[in-house]
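The values are calculated or read from the model by the stated rules, or taken from the named source; none is laboratory data. These figures come from a predicted structure and were not determined experimentally. Here the Cβ positions follow ideal geometry from the backbone for every residue, glycine too, while neighbour counts run over all protein chains shown. For accessibility, only protein heavy atoms count, side chains too; no ligands or nucleic acids. Shrake-Rupley method; radii C 1.70, N 1.55, O 1.52, S 1.80 Å.
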Amino acid sequence: MKIVTIVGPTASGKTGRAVDIAKALGGEIISGDSRQVYKGMDLGTGKDLEEYDGVPYHLIDICEAGEKYNLHRFLKDFKKSLYDIEARGSRPVLCGGTGMYVESALSGIIMPEVPENRALRSELETLSLEQLIEILKGYKKLHNQTDVDTVKRAIRAIEIEEYYQRHPEEASCSDRNKVSRLDSVIIGVDVPRDVRRERITCRLQKRLDAGMVEEVRGLIASGVDPEDLIYYGLEYKYLTLHVIGKLSYEEMQSQLEIAIHQFAKRQMTWLRGMERRGFRIHWLPYDLSRTEFVDKVISLL
């Protein structure tokens, strides 16, 4: 059964559109978001669970905050969810803003489980992020740096590439040019830049008013290491820095808003890159009515 995939930048309304499609087609939603997997990280990741309105969803709240979920685990969980949904005769609807996760899933690749290389980590941990990115470029072409925006992530990326060099047979399973893509119609929610910026600013204020700072305080109080929250980036990075006293509230809000705008630009860069890599994305205006949006998607199936 053809998968419907909904993509777009943050604050574009992807979740609501995915729900509309799932309701119209008897579908179930698979989240393609790298942070919505964590329990208790609700406001900061924009789960918006109330929007699902009874539609079954997968890969949300499946592991504890503080864990290190990764692409290998996502692909394994995605494939299981996909098979289960199809076995029930339902329509899979993949929805997400983590471009690497979504593209990797649709590419049909299989990621080997790469163990820690403690010697390599020890060698790299004294280097700056800029130095690590240069090392990583020696292994592969970076389409963008969305997923190597911290030292820990960059070290992990190098660790994976080093493993691939020593295990070429496993690396071939993760080569997009050697596997078959999944059958999917990909829908992009097209939001003008000025509207996107306005929506990001408005949504951030609403989430702060709803208790995003208190959410982070609660996670830390429950035993989650602040460094683990900072690792998750964006909201959890800046909110944690505020909670532990390294940023004032005003500094946190200002820096976080800038970071989210930059993130949205990187998301669009990734999606444009997907198009260059052969994925056709059908861009539909963000302000279509529900009926118009659903009808256009159905016409593409």
Self-check item: Phi to ³J(HN,Hα) by Karplus 6.51 cos²θ - 1.76 cosθ + 1.60 over segment 249-258, Hz, x for Gly, Pro
Solution: 4, 5, 5, 4, 5, 5, 5, 5, 4, 4
Self-check item: Value in Å of the Kirkwood radius, where segment 1-151 supplies the Cα pairs that are averaged
Solution: 16.9
Quiz item: Under a no-solvent Debye model with one identical scatterer per Cα of segment 235-301, what's log10 I(q)/I(0) at q = 0.14 Å⁻¹?
Solution: -0.67
Quiz item: In segment 1-110, what GluC sites (Glu not before Pro) fall in a loop by DSSP, with at most 15 other Cβ atoms inside 10 Å?
Solution: GLU64, GLU67
Self-check item: Rough spin-label spacing in nm, given labels placed 7 Å along Cα→Cβ, for ASP225 and ASP287
Solution: 4.8
Quiz item: All other residues with a Cβ under 11 Å from the Cβ of LYS39 taken together, and with Lys, Arg as +1 and Asp, Glu as -1, what is their net charge?
Solution: -3
Quiz prompt | R0 of 22 Å, Cβ-Cβ distance ARG166-LEU127: FRET efficiency to nearest 0.05 | solution = 0.55
Self-check item: Sites GLU257 and ASP48 - FRET efficiency at Förster radius 25 Å, r taken between beta-carbons, to 0.05
Solution: 0.85
Practice problem: In whole Hz, with x marking every Gly and Pro, tabulate ³J(HN,Hα) for segment 52-60 from phi via Karplus 6.51 cos²θ - 1.76 cosθ + 1.60, θ = phi - 60°. | Solution: 6, 6, x, 6, x, 9, 9, 6, 10
Exercise. Filter the trypsin sites (Lys or Arg not before Pro) in segment 17-115 down to the DSSP loop ones having no more than 15 other Cβ atoms within 10 Å, then list what survives.
Key: LYS39, LYS68, ARG88
Quiz item: Can you list, largest first and rounded to whole Å, the semi-axes you get for segment 11-90 by taking the square root of 5 times each eigenvalue of its Cα gyration tensor?
Solution: 21, 17, 9
Quiz item: What does the convex hull of the alpha-carbon atoms of segment 149-301 project to on average, in nm²?
Solution: 12.6
Practice problem: Return the whole-Å distance between the Cα centroid of segment 43-64 and the Cα centroid of segment 175-214. | Solution: 14
Quiz item: For the chain, what is the accessible area per residue in Å², given a 1.4 Å probe and the full set of protein chains?
Solution: 47
Quiz prompt | Heavy-atom accessible surface of the chain: percent carbon and sulfur, 1.4 Å | solution = 48
